[in-house]
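All remarks here apply to the structure that follows.
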Amino acid sequence: MSETVLVLGNGSREHALAWKLSTSPKIAKVFVAPGNGGTAAASTIISNLDLDIKNNEKVLQWCNEHKPSLVVVGPEDPLNNGIANTLSSAGIPCFGPSKEAAQIECSKAFAKDFMLRHKIPTAEYKSFTDSKEAKKFVKNADFKALVVKASGLAAGKGVIVANDTNEVCEQIDLMLEQKVFGEAGNTIIIEELLEGPEVSVLAFTDGTTIRVMPPAQDHKRAYDGDRGPNTGGMGAYCPCPLIDAALLKLIETDVLQRAVDGLRREGKPFVGTIYAGLMLTRRGPKVLEFNCRFGDPETQSILPLLESDLFDIFLSCINGNLANNPISWKQELVSCGVVIASAGYPASATKGQLIEGLDDVLKAGLMVFHGGTVLKEGKHYTAGGRVLSVVAIEKDLPSAAAKAQCGAKLVKIEKSFYRTDIAKKVIEQLNLKFDYKSSGVDIEAGNALVDKIKKMAKTTNRPGVIGAIGGFGALFDVYAAGYSNPLLVSGTDGVGTKLKVALECKVYDTVGIDLVAMCVNDILAQGAEPLFFLDYFACGKLDIDIATEVIAGISRGCKQSHCALIGGETAEMPGMYSKEDFDIAGFSVGAVERDSVLPKLENIEENDIVIGLPSSGVHSNGFSLIRKIFDSKGINFNDKTPFDKHITFGEVLLTPTKLYVNCLLPLIKMGYITALSHITGGGLLENIPRVIPKHLAVELDAKNWKIPPIFQWIRREGNIEEKEMLRTFNCGLGMICIVKQNLEGVVLNALKIRNEMDACIIGKVVKRSHDPVIVNNFSSSISSSNIILKQPKKRVAVLISGSGTNLQALIDFTLAKTNNSSAEIALVISNIPDVEGLKRAERVGIPTLVIPHKGLKRAEFDKLVHQELVKAEIDIVCLAGFMRILSDEFVESWKGRMLNVHPALLPSFKGMHSHKQALEAGVRIHGCTVHFVDNGVDTGAIILQEAVPVFMNDTEESLQERVKLSEHKIFPQALEYLASGKVYLDSNGKTVWNL
């Protein structure tokens with residue numbers, strides 16, 4: 001749980017290795033050297049390290065100082081430089097072969113001779129140092145001598161496959177005479193051109209036993225269709241369907257095992273990852289090359305499929321007991337990676353270009369492994385040829401390939417490029433299913449939804465509708481609807497970020513009514529009768545059940561406003577939206593006779609009466625501000641409201657926007673209404689001026705209408721100024737009517753007959769002197785004392801494993817009447833029975849629960865705990881001596897709502913034995929930290945810290961006792977800050993204070 005790992009190398013491959021290692025529950029920190037700024041994005045426990053990995057002594061010095069549990073070597077250069085020899089001789093565990101064993105990659109001449117000695121199938125070849133002899137051999141060879149290889153290391157670019165003899169000879173001159181690959185080309189290999197698909201098979205080995213990984217296929221050429229120069233790799237997928245179980249077994253025995261056995265017999269035991277690049281010829285698999293390390297870009301596609309702990313695998317290889325360590329892989333999944341390269345690659349690299357869109361890729365559920373990137377002032381820029389890899393994981397290869405392409409498209413780098421045909425050849429060759437659904441768009445699901453929509457739409461039909469849903473356009477006969485001289489009025493709108501509340505509460509039907517209301521209320525304000533409606537539903541992944549609920553709400557809204565649902569569009573756009581997100585928009589068309597159009601500006605005059613029709617709540621505006629208040633206060637939409645303990649905030653906020661068609665349309669047609677103002681975005685201050693002459697104003701008295709308690713709560717919790725409330729929210733009024741004085745009684749009676757019992761006179765039209773809308777008595781009305789707005793106490797669960805001294809401190813604080821705490825301990829859960837902490841809770845009447853962890857996998861145990869927390873309606877979780885590592889899923893579920901106290905001043909002395917670490921480090925200041933819990937080990941955002949002095953004669957026990965006193969002080973304080981909304985965790989994982 002406190003292990004440290006050093007990964008050498010800074011490409012996408014090393015990023016993938018660091019990421020996979022960081023998922024091990026045993027690892028507290030992964031360092032990547034030399035750091036490129038991008039690697040740290042993979043996990044909070046990964047850090048970049050400025051270390052020259054070409055200097056073995058510098059690496060050794062760092063290891064002696066920091067004592068890592070493991071060093072993993074990514075690239076081949078340090079291995080050829082003998083880094084594994086240096087570290088292993090010093091007793092530092094190193095995953096990677098010795099310099100001698102690494103010659104299987106670092107010298108192609110050695111590798112070819114080695115394969116010949118050990119009867120490993122490979123292409124015919126001959127080595128040369130003289131260009132004349134090489135060219136003479138090419139012209140007289142009895143095989144297709146069209147492959148030229150630099151024997152040494154050339155960064156993956158030292159292999160040329162020529163089209164004819166003349167081109168081979170040109171490449172020989174370039175390597176041996178012009179030294180285009182430097183010393184790597186002092187010796188070259190002329191090799192037989194093998195024909196067939198190329199695949200990569202990698203294996204872990206401890207020098208005797210091997211464990212084969214799923215086969216992968218790399219794409220070396222720079223451009224689509226396998227055109228252009230060779231590169232380090234433009235993408236890969238895994239597993240490769242060209243290799244079945246029988247063929248993989250043959251490669252394991254006749255290639256990889258023979259290579260490992262041969263190196264051991266020659267006194268060069270190979271410990272690490274051995275990689276065979278193979279050509280699947282008609283005469284069986286033949287080795288093109290061996291590598292002495294993980295492949296790039298194969299690693300990025302292979303490791304996401306690994307289920308076993310990579311840290312354990314590496315150590316078992318180093319310790320020689322791989323035979324006792326079975327390795328498991330995800331059998332039902334396929335991964336595909338696309339490499340994005342900078343302009344000019346592989347000949348050169350354009351550096352310093354801004355990289356945009358990475359957040360969109362991650363939101364779409366893909367992985368990003370950085371390679372040639374650098375981080376400056378919070379932004380990523382290009383710093384190399386192969387910039388990064390985008391990797392998708394799906395249930396089949398066509399889906400994974402399509403999703404990876406969508407992800408690559410989201411990354412924006414000027415003049416960059418990537419191949420759009422990764423895995424395409426094998427998909428076509430094996431006739432794998434590659435259709436619209438594999439790209440994330442399910443046409444069948446869309447068709448099923450259309451069938452459901454047709455049934456719902458049929459219930460909204462009215463005179464004028466022509467045809468049914470399913471055509472290219474929707475038809476409506478205005479004259480059949482009873483109009484003689486009509487004007488058409490159209491309106492379009494959406495629901496906005498209110499959808500975020502619906503998603504969090506998993507309530508989808510009411511937002512459909514919102515959508516209709518926002519559109520039809522707008523055209524009603526023009527005096528128009530809504531005739532028909534069309535909707536637009538966009539999502540990342542079509543969930544028929546959710547979409548059906550939303551559109552059922554749209555259908556209900558249409559029926560309530562006598563508006564026909566006659567068309568719409570469903571758009572499934574993977575990559576544009578994350579899987580769970582969706583957006584909706586609506587379009588309504590109405591008609592009004594020419595002489596009935598509202599507002600009648602020429603008829604409005606001083607002393608006209610203003611009648612207000614109440615809103616049903618917040619309606620659909622101001623939700624970005626509302627959500628910010630909830631985030632800042634740490635309040636959940638499923639919390640009960642302080643003004644009605646029988647209803648949640650979500651239920652209040654998701655009350656649909658009120659429809660005013662039925663009550664107002666008859667009055668409009670009778671000519672009783674002079675003007676209507678729908679109070680939407682802009683509130684009272686900005687909507688009413690749209691319907692009155694510029695020389696007039698309206699004066700309203702807030703004492704005349706009821707302001708719902710949700711608006712009082714919003715103003716109080718957000719500390720929002722009066723003017724901001726009036727121009728953001730409807731404040732209890734959904735529609736404003738302007739009528740003549742002699743018609744006020746008629747209109748009010750007519751509204752009451754139509755169940756608008758709370759419609760009332762709220763003001764009058766006056767001559768404008770300054771502001772177009774004057775609201776009197778608003779501050780006193782919205783601050784009415786008859787509404788109780790005190791937030792209920794946050795329900796806290798404390799997870800323990802032992803004596804519970806920190807639990808006792810939390811209990812004492814929350815129960816003390818003088819503190820008037822915003823929190824209450826509602827549940828104590830222990831994974832161990834009969835511990836003292838349970839008795840502490842029971843003595844004061846706090847419910848307790850024991851959930852034994854033995855026999856359960858981590859995820860299973862966490863699921864049980866989560867279920868009990870939800871059942872107990874817990875708001876905040878505190879870890880108080882809870883000796884369990886929590887799963888990523890559990891931590892994510894309680895993100896921003898789970899606290900831990902750690903006995904050290906973080907970020908120093910993370911993990912176990914912090915007091916011992918402090919004493920060994922010789923520090924004079926120690927202490928404790930309360931922090932939010934994240935997926936790392938003691939890496940969450942810090943809330944409070946308190947320092948404790950370290951005395952010369954301190955022992956672990958004496959220091960621990962003094963630190964505990966500080967823990968008992970600041971843990972309850974931090975809980976109070978979170979429960980009262982004075983501190984919260986923002987979307988970037990940072991602590992935000994709201995004192």
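The values are calculated or read from the model by the stated rules, or taken from the named source; none is laboratory data. From a predicted model like this one, the values you see are computed outputs, not experimental measurements. So basically every Cβ, Gly included, is an ideal-geometry build from the backbone, and we count neighbours across all protein chains shown.
Here are a few things to note about the model shown:
- VAL59 crowded, with 17+ Cβ neighbours inside 10 Å and under 45 Å from the mean Cα position of the chain (by Cα): yes
- Candidates are the residues of the stretch 792-806 that are over 34 Å from the mean Cα position of the chain (by Cα) and of a type outside the set (S, T, N, Q); the one that is nearest to PHE643 (Cα to Cα) is GLY804.
To keep it simple, each residue is scored yes or no on (1) touching a helix residue (DSSP H, G or I) at 6+ places or on another chain (Cβ under 9 Å); (2) not charged (D, E, K, R).
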{"residue": "LYS600", "(1), (2)": "no, no"}
{"residue": "PRO614", "(1), (2)": "no, yes"}
{"residue": "ILE626", "(1), (2)": "yes, yes"}
{"residue": "LEU653", "(1), (2)": "yes, yes"}
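- Scope the stretch 532-582; condition among the basic types (Lys, Arg) and out of contact with any strand residue (DSSP E or B) (no Cβ under 9 Å at 6 or more places or on another chain); matching residues: ARG556
- The stretch 6-16, subset touching a Phe, Trp or Tyr at 6+ places or on another chain (Cβ under 7 Å) and in a helix (DSSP H, G or I), residue surrounded by the fewest Cβ atoms within 10 Å (Cβ to Cβ): ARG13
- In this structure, SER620 does not qualify as in contact (Cβ under 8 Å) with a residue 24 or more places away in the chain and assigned to a helix (DSSP H, G or I).
- Selection within the stretch 330-355: residues that are within 24 Å of PRO304 (Cα to Cα) and of a type outside the set (A, V, I, L, M). The member of this set that is surrounded by the most Cβ atoms within 10 Å (Cβ to Cβ) is GLY337.
This table checks each residue for (1) modelled with pLDDT of 95 or more; (2) outside the structural domain of ARG265 (by TED's automatic domain parsing); (3) of a type in the set (Val, Ile, Thr); (4) part of a helix (DSSP H, G or I).
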site: LEU194; (1), (2), (3), (4): no, no, no, no
site: VAL199; (1), (2), (3), (4): yes, no, yes, no
site: ARG211; (1), (2), (3), (4): yes, no, no, no
site: PRO229; (1), (2), (3), (4): no, no, no, no
site: TYR237; (1), (2), (3), (4): yes, no, no, no
site: ILE243; (1), (2), (3), (4): no, no, yes, no
site: LEU247; (1), (2), (3), (4): no, no, no, yes
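- Identity of the residue in the stretch 824-880, among the polar types (S, T, N, Q) and assigned to a strand (DSSP E or B), that ends up nearest to the chain's Cα centre (by Cα): SER830
- Those residues of the stretch 91-107 which are outside any strand (DSSP E or B), within 20 Å of ASP206 (Cβ to Cβ) and touching a residue at least 24 places away in the same chain (Cβ under 8 Å), in sequence order: ILE92, PRO93, GLY96, PRO97, SER98, GLU100, ALA101, ALA102, GLN103, ILE104, GLU105
For (1) in a loop (DSSP other than H, G, I, E, B); (2) among the aliphatic types (A, V, I, L, M), each residue gets a yes or a no:
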residue: THR657; (1), (2): yes, no
residue: ASN662; (1), (2): no, no
residue: LEU665; (1), (2): no, yes
residue: VAL698; (1), (2): no, yes
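- Given (1) out of contact with any Pro (no Cβ under 6 Å at 6 or more places or on another chain); (2) over 14 Å from LEU959 (Cα atoms), index of the condition ILE885 fails: (1)
- Which listed residue is crowded, with 22+ Cβ neighbours inside 10 Å and not in a strand (DSSP E or B), from ALA404, ALA392: ALA404
- Filter pass, ILE554 being assigned by TED's automatic domain parsing to the domain that holds LYS500, touching a helix residue (DSSP H, G or I) at 6+ places or on another chain (Cβ under 8 Å) and surrounded by 24 or more Cβ atoms within 10 Å (Cβ to Cβ): yes
- Considering the conditions (1) outside any loop (DSSP other than H, G, I, E, B); (2) over 37 Å from the mean Cα position of the chain (by Cα); (3) of a type in the set (Phe, Trp, Tyr), PHE951 is excluded by exactly one of them, (1).
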